[in-house]
Amino acid sequence: MIRQPPRSTLFPYRRSSDLLVGLVSAAPNGAPEIACEDMRPQHGIGPQPGDTVIASIALNSNGDGTFTVELTQNSGAPQFKGFLIQVREEGSTEALGTFSGFGSDAQGLACSGDNSAITHTNNDLKSSVSATWTPSGEGTFYAVASVVEVNSAPDVRHWIDIRSADFTIA
């Protein structure tokens, strides 16, 4: 079961619609480059608590030096609309490597190089997104994602720092 905070926690000033419109913005066509470092979707409100995550991310080796990165809706959780996915080296906020092979729900984002991250192309509901990631070097890496469930005021819910297990490329 997904625990949601009370609505008053999300918007303590619900009666002031003018204030809400000024604070919340949507990115239906993908995350802006400004979100690359902190992975925050720039919707003008803080993320959900860590124990209410609606998705998980995993990396699997393809056996040819590339990896499949898959962001998947957790069982019983609502679908998501927006996302930002990167692969980082442990201790860094820089997006590394190159993404390819993503479907029509995803597009490359130039965080630290062409297609070094992927983000959504629309705000349709999604249950999973996958792409191929090619590393740019050796090290200990992890995939990280941010996910937006609803992206219109007053119900903006997003999660940041959804991490995969660490993996080492030697």
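Tabulated data for the structure shown
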quantity: Rounded accessible area of Phe99 (nearest 10 Å², 1.4 Å probe); calculated: 0
quantity: Rg in Å to one decimal, and Dmax rounded to a whole Å, for region 87-152 via C-alpha atoms; calculated: 12.5, 40
quantity: Size of charge dipole - region 51-150 - debye, nearest 20, with Cβ of Lys, Arg +1 and Asp, Glu -1, no other charges; calculated: 220
quantity: Rounded accessible area of His120 (nearest 10 Å², 1.4 Å probe); calculated: 10
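The values are calculated or read from the model by the stated rules, or taken from the named source; none is laboratory data. Please read these numbers as outputs of a predicted model, since none were measured by experiment. Virtual Cβ from ideal backbone geometry, glycine too; neighbours counted across all protein chains shown. In case anyone asks, the SASA skips ligands and DNA or RNA and just uses the protein heavy atoms, side chains included. Shrake-Rupley method; radii C 1.70, N 1.55, O 1.52, S 1.80 Å.
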